[in-house]
Amino acid sequence: MKKRPEAKLDEASVKSFGDYEVIVPKHNLRTFVHKVDGPDDGFGGIDPEAIERAEAALAELSVEFDGWMDKEVARLTSARDAAAAQGLDAATRADLFSAAHDIKGEAATFGYPLAARVADSLSLLLQGIDDPAEVPWALANQHVDAIRAIVRETAKGLDHPVAAELVDQLVAVTTEKLIEITGAPPLVP
Amino acid sequence: MIRIDFNRLRFLVIDDNAHMRRIVRTLLHGFGAREVYEAEDGAAGLEGFTHYMPDIVITDWSMPIFDGLELTSMIRQPGANANPYVAIIMLTGHSEKKRVLESRDAGVTEFLAKPISAKALYQRILNVVVNPRPFIKTKTFFGPDRRRNHGSSYVGPERRKSDKSETIRVQPLLDKTKSSV
């Protein structure tokens, strides 16, 4: 690792306006940009070759994705089993939420967007109700089983008819339950 | 056209999920980055931040020890020895609007919702590199200017309380429509 000088914060320009200051750091990242010959590619500065290289690198890595998905599902199942054995309390709910939340963020990248939707619905169910004892356990359990089934059946993409129907039903029932219990629909983007 | 010198930029990726760290690292290397460091929780991330002095921090939100939001607040300490102006990209499975606003108010530079894509990550990096925003320091906030639009066409009330403000009332478009009928 190359040694770097500490950022010289005292060199930043500072302007005071009433009770706030506007600071322009001298050491900004524009020094890492340079102009190259060639026409404007029409992408607003985006370098299509860099994106292609990154996508190709991700495609090479994708041979690992099914194995990683299996590990995430095993973690979710383990968190579900612990909650089933000990009851859904703050700790077991946090572990189950963490596993579901990770699948929500990763599953589409791994090729399982329907599993990501189920994990999103499970995350909303687990975090949308204050008292863990009030979380409908049977419904939470069905979410876990749905994710397991989607991965077991390798239902990749969005067009698996049975999986798509299952996901729609789970999302609809979860929304209804959250309205029934909390009086409000789940927060959505 | 422009190119980013990824081979000169130093990244720190903080995520408790090893798979996600691997994916982000792969994308960054694909862009051309050479120096990509990793940490698996907020505490290790803070240590890595002071040790590696990265140019860009890419952090998850939900993590053990302390989370990405707390980490951001710790980095954004004016007067700290390390670089409080570092670009911070929050990469998270949380995507609700209130989370975006919360992270912005903690001093995050860019917000990126999972699932991640090469193009979306590149765009966030491009934004922090090419369009660095000034920093604002008030009693309750220190971070990149939360106003991205500084166009002169804005005619509403001044919302930064300490500015001299003037409210210009504008006739709602609906009323205009009615009066012209």
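The values are calculated or read from the model by the stated rules, or taken from the named source; none is laboratory data. Here the structure is a predicted model, which means the values were calculated and not measured. Every residue, glycine as well, gets a Cβ built from its backbone with ideal geometry; the counts of neighbours run over all protein chains shown. Ligands, DNA and RNA are excluded from the accessible area calculation, which covers all protein heavy atoms including side chains. Shrake-Rupley method; radii C 1.70, N 1.55, O 1.52, S 1.80 Å.
Give region A:144-186 a look and list any residue that's open to solvent by 90 Å² or more (accessible area, probe 1.4 Å) and within 26 Å of A:Thr109 (Cβ to Cβ), or say none. Those that are open to solvent by 90 Å² or more (accessible area, probe 1.4 Å) and within 26 Å of A:Thr109 (Cβ to Cβ): A:Arg152, A:Glu153, A:Leu158, A:Asp159, A:Pro161, A:Val162, A:Glu165, A:Gln169. May I ask you to verify whether B:Pro54 is at pLDDT below 95 and either touching a Phe, Trp or Tyr at 6+ places or on another chain (Cβ under 7 Å) or open to solvent by less than 10 Å² (accessible area, probe 1.4 Å) (or both)? Here the answer is no, as B:Pro54 does not meet what is asked. Residue count for region B:11-37, restricted to those that are assigned to a strand (DSSP E or B) and either of a type in the set (Ser, Thr, Tyr) or more than 8 Å from chain A (Cβ to nearest Cβ) (or both): 6. Close contacts from region B:36-51, counting a first residue that is more than 18 Å from B:Asn83 (Cβ to Cβ) and among the charged types (D, E, K, R) and a second that is open to solvent by 50 Å² or more (accessible area, probe 1.4 Å) and assigned to a helix (DSSP H, G or I), with Cβ to Cβ under 8 Å and a gap of 6+ residues or different chains, come to B:Glu38/B:Arg25; B:Glu40/B:Ala18. Considering region A:97-117, the residues that are among the aliphatic types (A, V, I, L, M) and closer than 16 Å to A:Val135 by Cβ include one that is surrounded by the fewest Cβ atoms within 10 Å (Cβ to Cβ), namely A:Ala99.
Results for (1) more than 30 Å from A:Ile129 (Cα to Cα); (2) at pLDDT 95 or above; (3) not in a helix (DSSP H, G or I), shown as yes or no for each residue.
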| residue | (1), (2), (3) |
| --- | --- |
| A:Lys2 | yes, no, yes |
| A:His27 | yes, no, yes |
| A:His34 | yes, no, yes |
| A:Gly42 | yes, no, yes |
| A:Glu49 | yes, no, no |
| A:Gly67 | yes, yes, no |
| A:Ala79 | no, yes, no |
| A:Asp95 | no, yes, no |
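Does A:Ala163 fit the bill of being more than 12 Å from A:Tyr112 (Cα to Cα) and of a type in the set (Gly, Ala, Ser)? When the stated conditions are applied, A:Ala163 does not pass them.
Among the residues of region B:67-83, those identified as in a loop (DSSP other than H, G, I, E, B) and either at pLDDT below 90 or under 23 Å from B:Leu27 (Cβ atoms) (or both) are B:Asp67, B:Gln77, B:Pro78, B:Gly79, B:Ala80, B:Asn81, B:Ala82, B:Asn83. Is it the case that B:Met63 is surrounded by 19 or more Cβ atoms within 10 Å (Cβ to Cβ), part of a loop (DSSP other than H, G, I, E, B) and more than 8 Å from chain A (Cβ to nearest Cβ)? In short, yes.
One residue is enough: does region A:39-48 have a residue meeting the conditions open to solvent by 60 Å² or more (accessible area, probe 1.4 Å) and either touching a residue at least 60 places away in the same chain (Cβ under 8 Å) or small (Gly, Ala, Ser) (or both)? Yes, region A:39-48 has at least one match. Tell me, please, whether a residue that is closer than 30 Å to B:Arg22 by Cα, within 10 Å of another protein chain (Cβ to nearest Cβ) and touching a residue at least 40 places away in the same chain (Cβ under 8 Å) can be found in region A:18-35. Looking for residues that are closer than 30 Å to B:Arg22 by Cα, within 10 Å of another protein chain (Cβ to nearest Cβ) and touching a residue at least 40 places away in the same chain (Cβ under 8 Å), one finds none in region A:18-35, hence no. Look through region B:94-149, keep the residues that are in contact with a helix residue (DSSP H, G or I) (Cβ under 8 Å, 6 or more places away or on another chain), open to solvent by 40 Å² or more (accessible area, probe 1.4 Å) and closer than 18 Å to B:Ser62 by Cβ, and return whichever of them is nearest to the other protein chains (Cβ to nearest Cβ). Ranking the candidates gives B:Pro115 first.
Does at least one position in region A:117-132 carry a residue that is of a type outside the set (A, V, I, L, M, F, W, C), within 14 Å of another protein chain (Cβ to nearest Cβ) and on the phi > 0 side of the Ramachandran plot? No, there is no match, as no residue in region A:117-132 is of a type outside the set (A, V, I, L, M, F, W, C), within 14 Å of another protein chain (Cβ to nearest Cβ) and on the phi > 0 side of the Ramachandran plot.
When A:Arg53 is tested against (1) open to solvent by 10 Å² or more (accessible area, probe 1.4 Å); (2) in contact (Cβ under 8 Å) with a residue 12 or more places away in the chain; (3) under 26 Å from the mean Cα position of the chain (by Cα), just one condition goes unmet, and that condition is (2).
For region B:84-93, a tally of residues being open to solvent by less than 30 Å² (accessible area, probe 1.4 Å), within 8 Å of another protein chain (Cβ to nearest Cβ) and assigned to a loop (DSSP other than H, G, I, E, B) returns 2.
What do you reckon, is B:Gly32 over 18 Å from the mean Cα position of the chain (by Cα), open to solvent by less than 40 Å² (accessible area, probe 1.4 Å) and at positive phi? Spelling it out, B:Gly32 is indeed over 18 Å from the mean Cα position of the chain (by Cα), open to solvent by less than 40 Å² (accessible area, probe 1.4 Å) and at positive phi.
Being touching a His at 6+ places or on another chain (Cβ under 9 Å) and more than 10 Å from chain A (Cβ to nearest Cβ), is that true of even one residue in region B:41-48? Scanning region B:41-48, I find no residue that is touching a His at 6+ places or on another chain (Cβ under 9 Å) and more than 10 Å from chain A (Cβ to nearest Cβ), so the answer is no. Cβ-Cβ contacts under 6 Å between residues 6 or more apart (or on different chains), taken from a first residue in region A:164-180 that is more than 12 Å from A:Leu125 (Cβ to Cβ) to a second residue that is open to solvent by less than 50 Å² (accessible area, probe 1.4 Å), are listed as A:Leu166/A:Ala146; A:Val167/A:Leu114; A:Val167/A:Val118.
For region B:91-107, a residue qualifies if it is acidic (Asp, Glu) and at pLDDT 90 or above, and the qualifying residues are B:Glu102, B:Asp105.
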